[in-house]
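Inspection log for the structure reproduced underneath, given as structure tokens.
No lab work stands behind these numbers, since they all come straight from the coordinates. None of these values were measured; they are calculated from a predicted model. With ideal geometry, Cβ positions are generated from the backbone for all residues, glycine too; neighbour counts draw on all protein chains shown.
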Amino acid sequence: MAKRERRVPIITVILVLAPFLIIGFFAAVRSGYGCSVGRYLEASDRSGMVILGNAPVQMSNQTEWDLFAGLATGDKILVIHDGMDQSYPGRTGVYAVWKLGDGDRDDIPPTVVDSLIELGWLAAQ
């Protein structure tokens, strides 16, 4: 019985907080922020990039927290960001990053890696 009594408050907290988190997420997206899922890539200069399909985008941390701590090249991530510049690689300000899964450099398309090496963003391996 003691376990059941502990679960009720946890479930209640989840049920109360979930709608606020969902509403906050959609309000952020509606007010001009974007939400993207891609692969993390750490560039030679230690800046973080997200690979969206075949498009690399340089991420600029817009918070006081280290958003890229604990991420490794190839990890699947969800990113809340500003609009994206149409340069190559693109650029965007980032407000939140969540790791969705592990990965490695092989998860990034070779054509993207080759173009970033050619442009000096990555060291040749």
- Which residues does a label at Leu119 reach in region 76-111, if reach means a backbone N under 12 Å from a point 7 Å past the Cα toward the Cβ? 85-92
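How far, in nm, would the chain grow between Trp65 and Leu15 when pulled straight, counting 0.36 nm per residue and subtracting the alpha carbon separation? Show your work: numbers first, answer last.
Working: separation 50, 0.36 × 50 = 18.00 nm, distance 2.76 nm.
Residue separation times 0.36 nm, minus the Cα-Cα distance, leaves 15.2 nm.
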